[in-house]
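Below: the structure, in structure tokens.
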Amino acid sequence: MNKIQATQNLDKVVSQIEGARLRVSDHHIVKLIAVSKYSSTKDIETLYNVGQRAYGENKVQDLKEKMVILDELPLEWHFIGHLQKNKINNLIDAKPTLMHSLDSLELAHELNKKLLAKNRTMKCLLQINCANEESKTGFKEEEAFDAYKSILKDCSAIKLIGVMSIGAHSKERLEIKKSFLSTKKIYEQVKPFGARYCSMGMSSDFELAIECGSNMIRVGSSLFK
Ligand SMILES: *Cc1c(COP(=O)(O)O)cnc(C)c1O
């Protein structure tokens, strides 16, 4: 990806975000996370040079390697993948800005224990499996609210600041919209408990996600192509 391509990709996504967020309200601010999981550090650097600072990776090993190589740049790193238990310490040591994918109580307790042992905290989002899909991890719609409160109560090292979900895997816009609206509903329920981020929307559906209330989107293929 050269600089011209990167500029075009970023400009297009940013103007789509702008259009969608203004359809919600001019006070609705959306944060863009560039998902770099299929991209080289060279492409990340190119995109940084045209104005993109926050990146997301779904594997702890890749996150660590890219962080080390790009250490000189003031980047923000997000972890967006399923976290295996044996990778917890590695993720803690990487100090991500935000972990989007807290997807079970078991993981929450294990992560909390390891954070406490290192005298550290981690900002996290609760992942919701909003379309109830077998292929996805995360809390079911009906368990999410109680899980959110129980992690707040029992896991003092986890700073829970919102929710995340992946839209329904469907070609039907209505199905996808339904799944976003169900996540938004849970986000509204946990706002009084300190939630600030509703992370939903990817390349194929981020405008719809924003219109449904997302304020953080994770976009890969539209930025890196
Ligand atoms: C890969 C990935 C994305 C980005 O997907 P694109 O379709 O490339 O925009 C967003 N969120 C998660 C959790 C991902 O794994």
**Message:** Given the condition within 16 Å of the ligand (Cβ to nearest atom), open to solvent by 10 Å² or more (accessible area, probe 1.4 Å) and not in a strand (DSSP E or B), answer yes or no: does some residue in the range 141-157 qualify?
**Reply:** no
**Message:** With the requirement that a residue be under 17 Å from ALA157 (Cβ atoms) and aliphatic (A, V, I, L, M), what does the range 74-110 give you?
**Reply:** LEU83, ILE88, LEU91, ILE92, ALA94, LEU98, MET99, LEU102, LEU105, LEU107, ALA108
**Item:** Residue list for the range 1-37, filter: under 22 Å from the mean Cα position of the chain (by Cα), assigned to a loop (DSSP other than H, G, I, E, B) and closer than 14 Å to SER222 by Cβ
**Value:** SER36, LYS37
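May I ask you to list the residues in the range 103-139 that are modelled with pLDDT of 95 or more, farther than 20 Å from LYS149 by Cβ and not in a helix (DSSP H, G or I)?
Scanning the range 103-139 gives LYS118, ASN119, ARG120.
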**Hey, SER165 of a type in the set (S, T, N, Q), within 21 Å of ALA34 (Cβ to Cβ), touching a residue at least 12 places away in the same chain (Cβ under 8 Å) and out of contact with any helix residue (DSSP H, G or I) (no Cβ under 7 Å at 6 or more places or on another chain) or not** = no
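I'd like the residue in the range 160-185 that is assigned to a loop (DSSP other than H, G, I, E, B) and surrounded by fewer than 14 Cβ atoms within 10 Å (Cβ to Cβ) and, out of all such residues, is nearest to the ligand (Cβ to nearest atom).
Applying the filter and picking the extreme gives HIS169.
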**Request:** Could you check, for the range 188-204, whether at least one of its residues is among the small types (Gly, Ala, Ser), open to solvent by less than 20 Å² (accessible area, probe 1.4 Å) and within 12 Å of the ligand (Cβ to nearest atom)?
**Result:** yes
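The values are calculated or read from the model by the stated rules, or taken from the named source; none is laboratory data. Remember, it's a predicted structure, so these values are computed and weren't measured experimentally. As a convention, Cβ positions derive from the backbone with ideal geometry for all residues, glycine included, and neighbour counts pool all protein chains shown. Ligands, DNA and RNA are stripped out before the accessible areas are found, and what is left, the full protein with its side chains, is counted by its heavy atoms. Shrake-Rupley method; radii C 1.70, N 1.55, O 1.52, S 1.80 Å.
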